[in-house]
Amino acid sequence: MVKSGRLAVYDKPKAPFELKSFPIRAPRAGEVLVKIRMSTICRSDIHSYLGHRPNPCPGVLGHEIIGNIVELGSDIKRDMRGDPLQVGDRITWSEYFIPGSNYYTEVLDLPQKSPGVDKYGHMAVTTEPHHHGGFGEYCYILPQSWILKLPAELTDEEATPINCGVATVMCVTEQAEVGMGDAVVIQGLGLLGLYAAAICKARGARLVIGVDKVGARREMAARFGVDHVFDAEVKNIKELCRPEGADVVLELCGDPSVIPAGIQYLRTGGRYVLGGLVNPDAFVSIDANQILRKLLTIRGVHNYHPRHLIEALDFVHANRKRFPFHQLVDGKYKLEEVGKAMQDAADRKVLRAAIVP
Ligand SMILES: [Zn+2]
């Protein structure tokens, strides 16, 4: 049994990462000890590191994680699908865990918003059991998380973004009710936007339009089902989405300034879903009269329901030959290089940076 493991720790926002060792103990009831295989950098890791949203310090980041089971807590026998779990299994798990059943789980069917919900890679490293983020060698899966065994055919690159990026987009497209024949505009073609394009096509969308300032992303977009790309505003929306505009607009860029244009793209009765605005103070000025006159539906998505984790895994598994998901994780870094990986991801030099400890 290992006695300790290293974590990449930062003392305060923008401070350099330092590798530090923390003790490892046997997992308690409800916990699983995992040896991390890969952890990818999500946009919200960058926001936290830059101090754009509150995150306890000294901190350990990283919540898009996969790993192999080292030891199972006494009462953990099966994954959320009912498949038996064993030492050595390669697994993914929900990006969050909850304190137990409550009004949100029992009445509202919103376990992901339970009071006291916490997320991997969002806690102070001083909080026991220390190893609860992706940028390290080990991670404890804590009680009331949702675990899934990974099929052998999936590569680590395909599997790692499933528990945040892909599951979030599964929830966003469900909430947008993307269906047969819909015309969809996606604002932001990062990993979420490109996955959204693929999922919208799989849900039956006839047309997907993508908007992103980064040329390299627009170039990749066609491979993921995007039919037309724009670097800023879509000028001829009514020509592209005849007769009156888009059925659905998805915000997946994290920039509130795109919202007025998004509302303009929608036809009467259209749906707008916000999935990227994870920072507080995302103020924007809109003509709310448009919401009323056009009978618009606006929804927000934060975290996802556990069912979206299964849907995300099954979607990636079933469509990995149709869309080149493995190309989305396009930079690999050692644990010693977390700082460089964060910088490259923040500068959008890579689409999804992966830490391989
Ligand atoms: Zn994330």
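The values are calculated or read from the model by the stated rules, or taken from the named source; none is laboratory data. From a predicted model like this one, the values you see are computed outputs, not experimental measurements. We place every Cβ from the backbone using ideal geometry, glycine too, and count neighbours over all the protein chains shown. Please note that ligands, DNA and RNA were not included when accessible areas were found on the heavy atoms of the full protein model with its side chains. Shrake-Rupley method; radii C 1.70, N 1.55, O 1.52, S 1.80 Å.
Amide H to amide H, with H built 1.01 Å from N, F17 comes under 5 Å of G339, counting only residues 5 or more places away or on other chains. Of the GluC sites (Glu not before Pro) found in the range 197-258, those in coil by DSSP whose Cβ has at most 15 other Cβ atoms within 10 Å are E233, E244. Solvent exposure of the chain amounts to 41 Å² per residue of accessible area, where only protein heavy atoms count and the probe is 1.4 Å. Only Lys, Arg, Asp and Glu carry charge here, each on its Cβ (+1 for the first two, -1 for the last two); on that basis the chain has a dipole of about 300 debye about its Cα centre.
Couplings 3J(HN,Hα) of the range 279-290, computed from phi: 8, x, 6, 8, 6, 7, 9, 10, 8, 5, 4, 4 Hz, in residue order, whole Hz [Karplus 6.51 cos²θ - 1.76 cosθ + 1.60, θ = phi - 60°; x for Gly and Pro]. Listed values for the range 177-184 are Karplus-derived 3J(HN,Hα) couplings in whole Hz (6.51 cos²θ - 1.76 cosθ + 1.60, θ = phi - 60°), namely 6, 5, x, 3, x, 6, 9, 10, and x replaces Gly and Pro. Taking the Cα centre of the range 83-149 as reference, the dipole from Cβ charges on Lys and Arg (+1) and Asp and Glu (-1) amounts to some 80 debye. Between the residues A232, V60, G339, the greatest Cα displacement towards the positive end of the dipole of the chain, with unit charges on the Cβ of Lys, Arg, Asp and Glu, is found for A232. Using θ = phi - 60° in the Karplus curve 6.51 cos²θ - 1.76 cosθ + 1.60, the 3J(HN,Hα) couplings for the range 228-233 round to 9, 10, 9, 8, 9, 7 Hz; x is entered for Gly and Pro. When the accessible area of the range 219-269 is computed with all protein chains present and a 1.4 Å probe, what percentage of it is carbon and sulfur? Heavy-atom surface of the range 219-269 belonging to carbon and sulfur, 1.4 Å probe: 48 percent.
Of S94, S39, S145, the residue with the greatest mean-square motion in the GNM of the chain, using alpha carbon springs below 10 Å, is S145.
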